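These notes are about the structure you will find just below.
The values are calculated or read from the model by the stated rules, or taken from the named source; none is laboratory data. Since this is a predicted model, take the numbers as computed values, not measurements. Glycine also receives a Cβ, built like all others from the backbone with ideal geometry; neighbour counts cover every protein chain displayed.
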Amino acid sequence: MTSEFKKAINSNKFIVTCELAPPKGDDFSQLIENAKPLKGIVDAINITDGQGGNMRMSSVIASHLIQRDAEVEAICQLVCRDRNRIGLQSDILGASALRLKNYLALSGDKAKYGDHPNAQDVFDLGTDDLLKAFGNFSKGIDLNENKINAVIDDFCVGAAAHPNVPSLEEQARKMKAREVLGVSFFQTQIVYETDQLKRFLDSIGEIKVPVLIGITPLKSVKMANFMNEKVYGVSVPQNLIERLEKSDDPQTEGIEISLELIQKVKELGGRGIHIMAINQEKRLKEIINRI
């Protein structure tokens, strides 16, 4: 059965997804509390997989809980950092048994940056290999072309894109190659510069699947400076930092900036957005209702 998210991305509607992290423990009540207000106003919720190289609840299990208890479709992130090809394929089969249809295939942040810096990165597969695994399951075979006892052809699989890379031409070629591999959508790294956003959207004119632009509300000057210094491919312009400095309520000002960026995405013909409201999850409903 086709997921409602896949139906949405195959339509002409403006897509809205957001992101939530699984708990660092077995109490998932806060995850469900954050997700329930988003029912009916987002097309899906991304569930991260060890974001930042940090150990948390399995993204497969957390995605299942979101769909079961909050009744919102999940996009289950799967990263190549932690599992070899056997483990990743096993997780996909388990996730499919739990009726998960939507996935985001990622390389993953290196473990040395997280809470287990001595952990060994696996990276047995790259993102393109993981995409091929999904494609093979739709043919009834595994990545080594062994038969499996099912043909799983109802996946909706996405990949990441980076609007701020040095060569947008090379990025577009990479995206086109992944589209050929069966990618149904892209979600991008955060963008704050409207000129760069336009250049990126202009560069991907041949991409047919929806490209959802990454949006993260800034809540302080400190956060803006952190983005500039520590987050690859993200640049916060000085004029936005000055707006935060002059504001009596920087968090609310950051939301206004995000809403302006979302409007710009619409004006430039973007197909949708992906909101990563880092530590501001309780304001997601407010933001989305104003789009």
(request) Scan the stretch 165-195 for residues that are surrounded by 15 or more Cβ atoms within 10 Å (Cβ to Cβ), out of contact with any Lys or Arg (no Cβ under 8 Å at 6 or more places or on another chain) and either among the acidic types (Asp, Glu) or at pLDDT below 95 (or both) and jot them down. (result) 165, 193
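So, residue 153, is that one among the charged types (D, E, K, R), in contact (Cβ under 8 Å) with a residue 12 or more places away in the chain and surrounded by 17 or more Cβ atoms within 10 Å (Cβ to Cβ) or not? Give the derivation first.
Details: among the charged types (D, E, K, R): yes; in contact (Cβ under 8 Å) with a residue 12 or more places away in the chain: yes; surrounded by 17 or more Cβ atoms within 10 Å (Cβ to Cβ): no.
Criteria not met by residue 153.
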(request) Residue by residue through the stretch 227-272, note down the ones that are more than 25 Å from residue 45 (Cβ to Cβ), of a type outside the set (D, E, K, R) and in a helix (DSSP H, G or I). (result) 228, 238, 239, 240, 241, 244, 250
(request) Give the number of residues within the stretch 14-31 that are touching a residue at least 24 places away in the same chain (Cβ under 8 Å) and assigned to a loop (DSSP other than H, G, I, E, B). (result) 8
(message) When the residues of the stretch 83-92 are narrowed to those that are in contact with a helix residue (DSSP H, G or I) (Cβ under 8 Å, 6 or more places away or on another chain) and in contact (Cβ under 8 Å) with a residue 40 or more places away in the chain, which ends up surrounded by the fewest Cβ atoms within 10 Å (Cβ to Cβ)?
(response) 85
(request) From the list 40, 126, pick out the single residue that is under 21 Å from residue 138 (Cβ atoms) and either among the polar types (S, T, N, Q) or surrounded by fewer than 22 Cβ atoms within 10 Å (Cβ to Cβ) (or both). (result) 126
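Identify, from the list 92, 9, 86, the residue that is within 20 Å of residue 155 (Cα to Cα), under 16 Å from the mean Cα position of the chain (by Cα) and β-branched (Val, Ile, Thr). Spell out how you get there, then give the answer.
Numbers: 92 fails: under 16 Å from the mean Cα position of the chain (by Cα); 86 fails: under 16 Å from the mean Cα position of the chain (by Cα).
From the options 92, 9, 86, the qualifying one is 9.
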